1. Kindly evaluate residue 573 against the criterion of being acidic (Asp, Glu) and under 30 Å from residue 670 (Cα atoms).
2. Residue by residue through the stretch 219-242, note down the ones that are open to solvent by 20 Å² or more (accessible area, probe 1.4 Å), in a loop (DSSP other than H, G, I, E, B) and within 20 Å of residue 31 (Cβ to Cβ).
3. Of the numbered conditions (1) in contact with a strand residue (DSSP E or B) (Cβ under 8 Å, 6 or more places away or on another chain); (2) not in a strand (DSSP E or B), residue 92 satisfies every one except a single condition; which is it?
4. From the list 531, 548, which residue is aliphatic (A, V, I, L, M) and over 24 Å from the mean Cα position of the chain (by Cα)?
5. For the condition farther than 18 Å from residue 482 by Cα, modelled with pLDDT of 95 or more, open to solvent by 20 Å² or more (accessible area, probe 1.4 Å) and out of contact with any Pro (no Cβ under 7 Å at 6 or more places or on another chain), what is the one hit in 402, 453?
6. Return the pair list, or none, for Cβ contacts closer than 8 Å from residues in the stretch 1-22 that are more than 23 Å from residue 283 (Cα to Cα) to residues that are surrounded by fewer than 19 Cβ atoms within 10 Å (Cβ to Cβ) and basic (Lys, Arg), at least 6 apart or on different chains.
7. Hey, residue 53 hits all of (1) within 13 Å of residue 13 (Cβ to Cβ); (2) out of contact with any Lys or Arg (no Cβ under 8 Å at 6 or more places or on another chain) but one; which does it fall short on?
8. Identify, please: which residue in the stretch 95-112 is out of contact with any helix residue (DSSP H, G or I) (no Cβ under 9 Å at 6 or more places or on another chain) and at pLDDT 95 or above and is, among those, surrounded by the most Cβ atoms within 10 Å (Cβ to Cβ)?
Amino acid sequence: MDWETNSRHIRAAIDAARDAGVGILCLPELCITGYGCEDMFFASGLQLRALEILRELVPDTHGIVACLGLPVYHDGSVYNAAAVACNGRLLGFVAKQHLAGDGIHYEPRWFRRWPAGVISTIDLGNQLYPIGDLLFDCGGVRIGLEICRDAWVADRTGARLAQRGADVLLNPSASHFAFAKQLVRERFVLEGSRAFCVSYAYCNLLGNEAGRAIYDGGTLIASGGKMLVSGSRFSFADWLITNAVIDVDGTRRLKAESFPEAAAPSHVSDEEGLVSCEFKYPHVSERVGSITTQTSRPGGMAVPGHPQWETGAHQKEEEFTRSVALALFDYLRKSRAQGFVVSLSGGADSTTVAVLVHLLVQFGRRELGVSGIGDKLSHVSSLREIARRAHKSNDNTRAVDDREIVKRLLSCVYQATRNSGAETLAAARAVAEAVGAEFLEWNVDGIVGTYVDTVAKAIGRELTWHRDDIALQNIQARARGPGAWLLANLSGAILLTTSNRSEAAAGYATMDGDTCGGLAPLAGIDKAFLLDWLRWMETTGPAGIGPLPALSVVNRLRPTAELRPPAASQTDEADLMPYRVLDAIERAAIRDKLMPIEVFQVVRPMFQQYGPEQMAEWVERFFRLWCRNQWKRERYAPSFHLDDENLDPKTWCRFPILNSGFERELEELREYVRRL
């Protein structure tokens, strides 16, 4: 709903495309309003403002054909639509035919799907425009649209558009990031261009638009079954333009062979649902597949088609690193916070969060320069002097060190108790030093003691580890929350929580303790992956950035909450189960919706080193912990969506807070194991 910024980016993208000789420009789904407006799509004020912005933008389309996404109210319903404009004139609206209503998507709540083959008219300012299942003939080139999900279903709208003679299919999308999802997009773009004998342009949103979903960009252009260009993903730029030259006559020849019944443009000027306009395309090079990619940074920059990390052995590690770093950057920018605070324990989770802030700076600097980071984060008062210095030196790499930027953005605090070890303190200090963060430490034993003594006196008995184990652990974690919050409040920073998805599944977290914070960067990713990622970061690291060897001090430690006395030798896996077992059970039970016996049957062959009784005990433990801890998942800070194993009840995995606890199903599991 940032009208001014969205309009500015759209205008700049149109101008850059026109300057690059682009004739047809596809902009993302709902780009005028933003995709994540949620129930504000019902507001008539938003609908009317979107149309007002569209009218302001249409004159900017002189010399280009452009599609712009927005919600459109028509005949009592709201539609997810794309407006097509050419030469400064609005031609009409295509409405989405297949709505995304699964997982993170909620489109059927806000929009009505448009029926195939239906054409209507909409009155805007006493002028009628066509809306519906339209095809546009602009200067003799036929252009059709598949809006995001329209291309993901078996009954693709593109098939009918191809039969009607489409030369080009545009796909304006708001397709959220998920691991390996780009491969799926590439397949439907390539297959669409081949099967429909067209040129196909897929365009996506970029960045953290509204809080939880991350959009990775990744424009794709294919023609006749050949991929011409793959645009950059996870860019820190405001926008990117990726273009290619297409051979319309070539795809028409293919269509004549594959679809001899398809209408020829010269014979159907009066076809229903065909909107025609005169247009003269810019002169372009004859070389098919030439690429020009620009960003909002003055001067632009070249972007290769497919960087090596996209197909390397560590693609998931690369995608995790780049997606969360970009999401944190945009969250900081759009929330107008002054930086981040992390309660750094020396363990894997808090270390990962601190390293991701460090990588945010690394990626941002390499793409935008220090001055670019300063411009985008101009609200951060501590960065202004650095930005001025960078501007003065024309972004000379020696003028500002990355660590200096990190220190202005990230404060880490180690909060010890008598149960904390020297190893974790050393690890926390080493990590903060390695990434360049401000490092603070203090002891909360006095605070813990005050709480324990106060309650003991009130109830008339001493609190002991034998009788009050969980309560005594939790009060230590909770005693750390106020100090971390205070530190964040002093500077207007975001307190980042450090809980991961595995802990969320089992409820292995203290509410108002280690869950304190305004944003949970790791709540969408499992602990086993995080442990692997830290080892990868120690030895390899993301392409173009490299490793962080100092992480060895963390990777040597066994994950532990350090809440019991040292003599207890507490570890996370002893409290729960091996993390890889936990993640496998979670996947089968929650993602795949299997019952306890089925989970046991699926997981047992994966871990044959454990006996059936042990595996059954862990399966039962998982289900019991899962069922009793939904209230915690409801209270977690907002998290980033990363894959189809998300547990966020607000966007993905809904489960009743009060439930049966799978009592009957767990008894069936126990009986099944007894019979083995």
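1. yes
2. 219, 232, 238, 239 - these are the residues of the stretch 219-242 that are open to solvent by 20 Å² or more (accessible area, probe 1.4 Å), in a loop (DSSP other than H, G, I, E, B) and within 20 Å of residue 31 (Cβ to Cβ).
3. Failing condition for residue 92: (2).
4. The match here is 548.
5. None of the other options fit; the residue is 453.
6. 3/49
7. So residue 53 meets the others, but not (1).
8. Going through the stretch 95-112, the residues out of contact with any helix residue (DSSP H, G or I) (no Cβ under 9 Å at 6 or more places or on another chain) turn out to be 95, 102-104, 108, 112.
Then drop every residue that is not at pLDDT 95 or above, which leaves 95, 108, 112.
On the way: 95: 25, 108: 12, 112: 17.
Only one residue tops the list, namely 95.
The values are calculated or read from the model by the stated rules, or taken from the named source; none is laboratory data. Quick caveat, the model's predicted, so the values are computed rather than measured. Note that we place each Cβ from the backbone using ideal geometry, even for glycine, and neighbour counts take in every protein chain shown. Ligands, DNA and RNA are excluded from the accessible area calculation, which covers all protein heavy atoms including side chains. Shrake-Rupley method; radii C 1.70, N 1.55, O 1.52, S 1.80 Å.
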